[in-house]
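> Mind having a look at this structure? Questions to follow.
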Amino acid sequence: MSESTIQIALVLPDLLGTYGDFGNAVVLEKRMTWRGIKAEIVPINYGEPVPDSCDIYVVGGGEDTAQTLAVKHLREHPGLQRAVTKNAVVLGVCAGIQIFGESFTRADNVTHPGMGLIDSTSHAGGSRAIGEVLAEPADGLFEGVLSGFENHQGRTVLGPAARPLAHVKVGTGNDGSVEGAVQGRIVCTYLHGPVLPRNPQLADLLIEWATGTKVAPLDLPAVTAMRAERVRAAS
Ligand code: GLN
């Protein structure tokens, strides 16, 4: 294992961070630290330049106005886009999946350009999707059901270069059928909770991609119990 510190960029937590989505960065940092992998969180706030040197980028959810401001900043400071060309690992949640795509059309019917990181477009649905979600990971990407909480009006259509993260069993996800997107080392999801505390197997997949090392499971009974309780509640 390399001695270097894995840097986790927490992208625009002041704009994108509904439902404690910053917890995704905390979980990545803790799960690496507990295994002796040096890791640190690098917060990048609105108005600040976006470095292209981090190993993992974490983007959270936000409402339409916040995500429009965020995408403007991220297009003007394209450090995240440059990092993707250097193979960085990226997690985008809710507003994240929408701004990473080619474009998104808000509930006010105005279309905004996205960051063009994933082959997708998003548009406002007729109703908000709110509640617990269960989804089966696609292509055996990781073990166990994907579990989380959704609250969004947007719906997302994937193009051929993006594949679904999971197939919806309970809830809505992108469109009532598929949930999230994977393209290269970019993973997107509509799920909060936050999603990584709720799905440690997904957190470890991102850690394995970022470190290039297979990690052993962590035995955390509180996490197992919380996950089981949430899956039961949704079933
Ligand atoms: N503004 C988006 C929507 O409602 C994203 C919501 C969110 O990130 N919670 O679809």
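The values are calculated or read from the model by the stated rules, or taken from the named source; none is laboratory data. Everything numeric here is computed off the predicted structure, so don't read it as measured data. Don't worry about glycine lacking a Cβ; one is built from the backbone with ideal geometry, like all the others, and counts go over all protein chains shown. These area figures cover heavy atoms from the full protein model, side chains too; ligands, DNA and RNA do not enter into them. Shrake-Rupley method; radii C 1.70, N 1.55, O 1.52, S 1.80 Å.
> With a probe of 1.4 Å, find how much accessible area the chain has per residue, and write the answer as a whole number in Å².
Numbers: 9640 Å² over 235 residues.
The answer is 41 Å² per residue.
> Sequence neighbours fewer than 8 away in the same chain don't count; with that in mind, list the lysines whose C-alpha is under 16 Å from residue 38.
List returned: 30, 214.
> Within the accessible area of region 1-154, what % is carbon and sulfur when the probe is 1.4 Å and the other protein chains stay in place?
On the way: 3250 of 6250 Å².
The nonpolar share, carbon plus sulfur, comes to 52 percent.
> Assuming a ≥ b ≥ c are the square roots of the Cα gyration tensor eigenvalues, decide whether region 66-120 counts as rounded (a/c under 1.5), prolate (otherwise, with a/b larger than b/c) or oblate. Write down the numbers at each step before the final one.
Numbers: a/c = 2.11, a/b = 1.73, b/c = 1.22.
Prolate, because a/c is 1.5 or more and a/b exceeds b/c.
> For region 140-235, rounded, prolate or oblate, judged on the Cα gyration tensor with a ≥ b ≥ c (square roots of eigenvalues), a/c < 1.5 rounded, else prolate if a/b > b/c? Intermediate values should be presented prior to the final figure.
Working: a/c = 2.31, a/b = 1.15, b/c = 2.00.
Judged from the Cα gyration tensor, region 140-235 comes out oblate (a/c at least 1.5, b/c at or above a/b).
> Within 10 Å of each candidate Cβ there may be at most 15 other Cβ atoms; applying that plus a DSSP loop requirement, which trypsin sites (Lys or Arg not before Pro) in region 57-163 survive? If you can, show how the numbers build up before the last one.
On the way: sites: 72, 75, 82, 86, 106, 128, 155; in loops: 86, 106.
Counting only loop positions with at most 15 other Cβ atoms within 10 Å, the trypsin sites (Lys or Arg not before Pro) in region 57-163 are 86.
> With +1 on each Lys and Arg Cβ and -1 on each Asp and Glu Cβ, and nothing else charged, work out how big the dipole of the chain is about its Cα centre, in Debye to the nearest 20. Write down the numbers at each step before the final one.
Working: 19 positive and 25 negative charges, 42 e Å.
Using only the charged Cβ atoms, the result is roughly 200 debye.
> Additional query: How large is the Kirkwood hydrodynamic radius of the chain, counting all unique pairs of alpha carbons, in Å?
Numbers: mean 1/r = 0.0574 Å⁻¹.
Radius from the Kirkwood sum: 17.4 Å.
> Under a Cβ-only charge scheme (Lys and Arg +1, Asp and Glu -1), can you give me the dipole magnitude of region 60-175 about the Cα centre, in debye to the nearest 20?
Details: 9 positive and 12 negative charges, 64 e Å.
The calculated dipole for region 60-175 is roughly 300 debye.
> Just from the alpha-carbon atoms, what are the Rg and Dmax of region 36-139 in angstroms?
Just the Cα atoms of region 36-139 yield Rg and Dmax of 14.8, 48 Å.
> Next question, about the same structure. With unit charges on the beta carbon (Lys/Arg positive, Asp/Glu negative), name the residue among 176, 125, 200 whose Cα is farthest towards the positive pole of the charge dipole of the chain.
Result: 200, furthest along the dipole toward the positive end.
> Could I ask something else about it? Considering only DSSP states other than H, G, I, E and B, which chymotrypsin sites (Phe, Trp or Tyr not before Pro) in region 1-35 qualify as loop sites with at most 15 other Cβ atoms within 10 Å?
Details: sites: 19, 22, 34; in loops: 22, 34.
Those that pass, being in a loop and sparsely packed, are 34.
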